[in-house]
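The block underneath contains the structure these notes are about, expressed in structure tokens.
The values are calculated or read from the model by the stated rules, or taken from the named source; none is laboratory data. Treat the numbers as computed from the prediction; the structure is a model and nothing was measured. Here the Cβ is made from the backbone with ideal geometry for all residues, glycine too, and neighbour counts use every protein chain on show.
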């Protein structure tokens, strides 16, 4: 079958809740993907940063196959021999005392929200069911009813109410708004250290540190959603480390499995995660032995292949080269590590047409928030490949 046939089948039988580029990928390796017609492309999206280790990394693939031959699912009714090791290795890498594994990033966000509320009632003494959590406009934390309840994106909310109460929204990047929004019922502040889905929005320098200080002085938890920014994507293990901030709770996912399997986790110290008692929270698949084995291998690749350091070095190079491009379409180029946003002027006609043009140049990227091209290749990319991509990107950004 050819590309057009696959596209026709998907349009006929699939729900129309995505707007993908019309490329049908059939295999992938490293930073490269191949379509059903035999064309080769550079992946500059990395499945929204789930593929920091690259496509089909052999070490993670080996771990998955070996574990799949032994046992894949036990449920948490029993113990398995992979999960304790995953706990230990993830704790040692991140510096948090406890780990609670889930599957998707959205599940991990929901877990963090429940944990913050549990702490609010059990420790802070907020009246039951009165806890408030402060979030930022432009956020993207997932798509459950509770999470879209505090989204500022109309399309994510329209037709999906009634909404879950208990959330207060402030502007992103203004710490004073957070300080002013805190009440005796405030349990937590939850932020993305860089807003990826909003268009790679980087807050002012010092913002995260100010937020953390405000939270500490008001006995409020600081939750960092590092699902997209964490595990090396921005040139640090966690983006919060740029300001030497240690959140009370960190949410991770995506690259925690290297793209092989849904694996997510909430990280916190025992004073928080120790509040959960058996039956308070759970998941049939969360922490299963296959997920734990894959997660262990994914973490090992990040460490052994120095992907955090590679992201910092190559991200700086990629950004510096992109900023030399002269085009009337470009409003701003911003990023940290290998999470880069190219914002176009509104009169450029939208980022979609540029992503379609990049596809013809054999580069796969995706528009976000109408006017931003997100460039986020796997962290295993090398300088030679970036140099291959740059003239093609330059050509597209200069088109009429």
- Is the range 180-195 home to any residue that is in the same structural domain as residue 127 (by TED's automatic domain parsing), without any contact (Cβ under 8 Å) to a residue 40 or more places away in the chain and more than 21 Å from the chain's Cα centre (by Cα)? yes
- Report yes if some residue within the range 93-103 is more than 20 Å from the chain's Cα centre (by Cα) and in the same structural domain as residue 204 (by TED's automatic domain parsing); otherwise report no. yes
- Note on the structure: Of (1) closer than 25 Å to residue 287 by Cβ; (2) in contact (Cβ under 8 Å) with a residue 60 or more places away in the chain; (3) out of contact with any helix residue (DSSP H, G or I) (no Cβ under 9 Å at 6 or more places or on another chain), residue 65 satisfies every one except (2)
- Message: What's the number of the only condition in (1) assigned to a helix (DSSP H, G or I); (2) crowded, with 24+ Cβ neighbours inside 10 Å; (3) touching a strand residue (DSSP E or B) at 6+ places or on another chain (Cβ under 9 Å); (4) outside the structural domain of residue 31 (by TED's automatic domain parsing) that residue 266 fails to meet?
- Response: (1)
- Task: Quickly run through the range 243-260 and pick out the residues that are closer than 20 Å to residue 89 by Cα and surrounded by fewer than 20 Cβ atoms within 10 Å (Cβ to Cβ).
- Result: 246
- Item | Selected residue (criterion: nearest to residue 382 (Cα to Cα)) from residues of the range 1-42 that are in contact with a helix residue (DSSP H, G or I) (Cβ under 7 Å, 6 or more places away or on another chain), free of Cβ contacts under 8 Å to residues at least 60 places away in the same chain and surrounded by 14 or more Cβ atoms within 10 Å (Cβ to Cβ) | 35
- Message: Which residue is surrounded by the most Cβ atoms within 10 Å (Cβ to Cβ), if the candidates are limited to the range 155-204 and must be in contact with a helix residue (DSSP H, G or I) (Cβ under 6 Å, 6 or more places away or on another chain) and assigned to a strand (DSSP E or B)?
- Response: 189
